[in-house]
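Colleague: Sharing a structure below in structure tokens format, with a few things to ask.
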Amino acid sequence: MNREGQLLEALAVAHKAVEIASDKQASDIILLDTRGLCSFADYFVICSGESERQIQTISDEVAQSLKKDGVLLLHREGTVDSGWLLLDFGDVIVHIFTPTEREYYQLDELWSDASLVVRIQ
């Protein structure tokens, strides 16, 4: 597959992660195009969950649904009780935060130069 095909695939993966997070009632979901700003991922999905249980549910559902589509989780960081989980799918990174942790880390501001692809509030 050529680089363009990989980017289209990465964008489809990112959109699927957004859709799954939305289905699991995540709040303030954004999809950022980080190409040109970031060497380790093309897209970031950032969302919030209101409880540890919801964060875990969002994480589990994203990983399981993408696995069914043949997209493997390469790395997972964070813990539910820390209020932040990161799912690394290679070209797509999914960040799931509690609102408090999201406010603390301010990834939205840190990556403010990235192009906003989708925002669901």
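Colleague: So which residue, out of Leu110, Leu73, Leu31, gets the largest mean-square fluctuation from a GNM of the chain using Cα contacts under 10 Å as springs?
Modeller: The residue that fluctuates most here is Leu110.
Colleague: Lys/Arg Cβ at +1, Asp/Glu Cβ at -1, dipole of the chain taken about the Cα centre: which of Leu107, Ile30, Ile58 is farthest positive-ward?
Modeller: In the chain, that residue is Ile58.
Colleague: Right, here's the next one. Using Cα atoms only, what is the angle between the long axis of helix 52-68 and the major principal axis of the chain, expressed in degrees (0 to 90) to the nearest 10?
Modeller: Result, in degrees: 20.
Colleague: Follow-up. Once both axes come from the Cα atoms, what is the angle between helix 3-23 and the longest principal axis of the chain, in degrees from 0 to 90, rounded to 10?
Modeller: 20 degrees
Colleague: Relative to the compact globular guide of 2.2 N^0.38 Å, what is the alpha carbon radius of gyration of the chain, as a ratio?
Modeller: Against the empirical 2.2 N^0.38 Å value, I get 0.97 for the chain.
Colleague: Relative contact order of the chain: what whole-number percent is it, with Cα pairs under 8 angstrom and at least 6 residues apart?
Modeller: 30 percent
Colleague: With +1 on the Cβ of every Lys and Arg and -1 on the Cβ of every Asp and Glu, and nothing else charged, how large is the dipole of the chain about its Cα centre, in debye rounded to the nearest 20?
Modeller: Magnitude of the dipole: close to 280 debye.
Colleague: GNM, the chain, Cα, under 10 Å: largest mean-square fluctuation among Ala12, Ala21, Ala41?
Modeller: Ala12
Rule-based calculations on the coordinates, nothing more; no lab input. Just so it is clear, the structure is predicted and the values come from calculations on it, not from any experiment. A quick note on method: Cβ atoms are made from the backbone with ideal geometry, for glycine too, and the neighbour counts reach across all protein chains shown.
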